[in-house]
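A.B. asks: Got a structure for you, written out below as structure tokens; questions coming shortly.
The values are calculated or read from the model by the stated rules, or taken from the named source; none is laboratory data. These figures come from a predicted structure and were not determined experimentally. So basically every Cβ, Gly included, is an ideal-geometry build from the backbone, and we count neighbours across all protein chains shown. For the accessible areas, the whole protein counts, side chains as well, though only heavy atoms, and no ligand, DNA or RNA atoms are used. Shrake-Rupley method; radii C 1.70, N 1.55, O 1.52, S 1.80 Å.
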Amino acid sequence: MKFPLLSFLFITLLGNAQTNKFNQLVEGIIDQRDSIILIKKASASTVNFNPLSYEKTGYEKLEILLLNWFSDESKNRQFDLSRSLLLDQLARIGNLTTSNSYYNGKRLSIPSRNINRVILRSSLTYRITDCYAFSIPLVKNPVRKFYYDRKGNPNELNLFLRPKKSEKGEIDLEPIPLELYSEAEILKLLIKESKKKGINKKLKTGVYYVSGISIVPDKNSFHKKKIPRARIFVILGAKRMHKLKK
């Protein structure tokens, strides 16, 4: 019984730490008025996506692309799916305070509870939210082994394929970097994982009319022998009476 008890205590302490950090960050926005804006139209390009584009532009484009797909999936007959700036902020805080275990298939029990408490305390017109978290790779995982060059340029990924011998016994002299995804390929990954989480099924119920989203690079997966990943946190919002009418 010793190990299950220790595991339970660890999970409890971790959950409390996440909740405390979440509560500290939301204090500054809890009384803000929400702004509902239309989702910008955008299309994915075939240009390679640079995972090191920590500037907001790169990852913000991915957010808009995924929101466009959400909008297409929505079956709400009264409202076009829109973007809530307050839910965006809550999604970003969720991304900052949620442990990686929740991005690997675990149900969002603690993060969902924290966000719903904020919604109930606020003056928002919607009182029902659903939260989702998942992650995607940002570089193609090769069949061959790869390595991280610690002496490489800090502004680059420095992930390369292991050298291999040719049929003539020659060894690759030039390092071959791991292949990047295009923006369109990244969007396909985002849609695939969204479907796994059942987000499209929720949108097709027709009760959700706002969404918040945060896509950020998981910086703990960079500059080491790992495939860099992005963390995605999504919140869907619905009016309680709207849901009852359905």
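A.B. asks: Quick check on this structure: which one of D72, D88 is part of a helix (DSSP H, G or I), in contact with a Ser or Thr (Cβ under 8 Å, 6 or more places away or on another chain) and either acidic (D, E) or without any contact (Cβ under 8 Å) to a residue 40 or more places away in the chain (or both)? Working first, answer last.
C.D. replies: Working: D72 fails: in contact with a Ser or Thr (Cβ under 8 Å, 6 or more places away or on another chain).
The conditions single out D88.
A.B. asks: Looking at segment 141-230, what strands (runs of 3 or more DSSP E) fall wholly within it and have at least 2 residues that are of a type in the set (S, T, Y), touching a residue at least 40 places away in the same chain (Cβ under 8 Å) and open to solvent by less than 30 Å² (accessible area, probe 1.4 Å)? Outline the logic, then answer.
C.D. replies: Values: elements: 146-148, 159-161, 208-217.
Qualifying strands (runs of 3 or more DSSP E): 208-217.
A.B. asks: Has segment 111-126 got at least one residue that is among the charged types (D, E, K, R) and at pLDDT 85 or above?
C.D. replies: No - not one qualifying residue is present in segment 111-126.
A.B. asks: Quick check: is even one residue across segment 156-173 modelled with pLDDT of 95 or more, under 22 Å from D88 (Cβ atoms) and of a type in the set (A, V, I, L, M)?
C.D. replies: No, every residue in segment 156-173 fails to be modelled with pLDDT of 95 or more, under 22 Å from D88 (Cβ atoms) and of a type in the set (A, V, I, L, M).
A.B. asks: So in segment 29-41, with the set limited to residues that are open to solvent by less than 100 Å² (accessible area, probe 1.4 Å) and over 12 Å from V118 (Cβ atoms), which one is modelled with the lowest pLDDT? Before you say what the answer is, go through the steps one by one.
C.D. replies: As a first pass, look at segment 29-41 and keep what is open to solvent by less than 100 Å² (accessible area, probe 1.4 Å): 29-30, 32, 34-37, 39.
Next, only the ones that are over 12 Å from V118 (Cβ atoms) stay: 35-37, 39.
Details: S35: 88, I36: 91, I37: 94, I39: 96.
Among those residues, the one meeting the criterion is S35.
A.B. asks: Of everything in segment 74-86 that's out of contact with any Phe, Trp or Tyr (no Cβ under 9 Å at 6 or more places or on another chain) and buried (at least 18 other Cβ atoms within 10 Å of the Cβ), which residue is farthest from A44 (Cα to Cα)? Reasoning before the result, please.
C.D. replies: The initial filter retains those residues of segment 74-86 that are out of contact with any Phe, Trp or Tyr (no Cβ under 9 Å at 6 or more places or on another chain), namely 75, 77, 83, 85-86.
Pick out the ones that are also buried (at least 18 other Cβ atoms within 10 Å of the Cβ) and you get 83, 86.
Numbers: R83: 19, L86: 26 Å.
Here the answer is L86.
A.B. asks: Also, quick follow-up: Among the listed residues L66, L96, L62, identify the single one that is within 16 Å of S135 (Cα to Cα), surrounded by fewer than 19 Cβ atoms within 10 Å (Cβ to Cβ), touching a residue at least 60 places away in the same chain (Cβ under 8 Å) and of a type in the set (A, V, I, L, M). It would help to see each step written out before you state the result.
C.D. replies: Numbers: L66 fails: surrounded by fewer than 19 Cβ atoms within 10 Å (Cβ to Cβ); L62 fails: surrounded by fewer than 19 Cβ atoms within 10 Å (Cβ to Cβ).
Matching residue, one of L66, L96, L62: L96.
A.B. asks: In addition: Could you look through segment 99-117, keep only residues that are of a type in the set (A, V, I, L, M, F, W, C) and either touching a strand residue (DSSP E or B) at 6+ places or on another chain (Cβ under 9 Å) or closer than 23 Å to Y59 by Cα (or both), and pick out the one that is most open to solvent (accessible area, probe 1.4 Å)? Talk me through it step by step, then tell me what you get.
C.D. replies: First, the residues of segment 99-117 that are of a type in the set (A, V, I, L, M, F, W, C): 108, 110, 115.
Those left that are additionally either touching a strand residue (DSSP E or B) at 6+ places or on another chain (Cβ under 9 Å) or closer than 23 Å to Y59 by Cα (or both): 108, 115.
Values: L108: 20, I115: 1 Å².
Step by step, filter segment 99-117, then rank; the result is L108.
A.B. asks: Hey, among the residues in segment 42-59 that are of a type in the set (G, A, S) and open to solvent by less than 30 Å² (accessible area, probe 1.4 Å), which one's modelled with the lowest pLDDT?
C.D. replies: Narrowing segment 42-59 to residues of a type in the set (G, A, S): 42-45, 53, 58.
So of that shortlist, the ones also open to solvent by less than 30 Å² (accessible area, probe 1.4 Å) come out as 53, 58.
Numbers: S53: 76, G58: 82.
Looking at the filtered set, the residue picked out is S53.
A.B. asks: For segment 45-68, indicate whether the set of residues that are within 18 Å of G237 (Cβ to Cβ) and aromatic (F, W, Y) is non-empty.
C.D. replies: no
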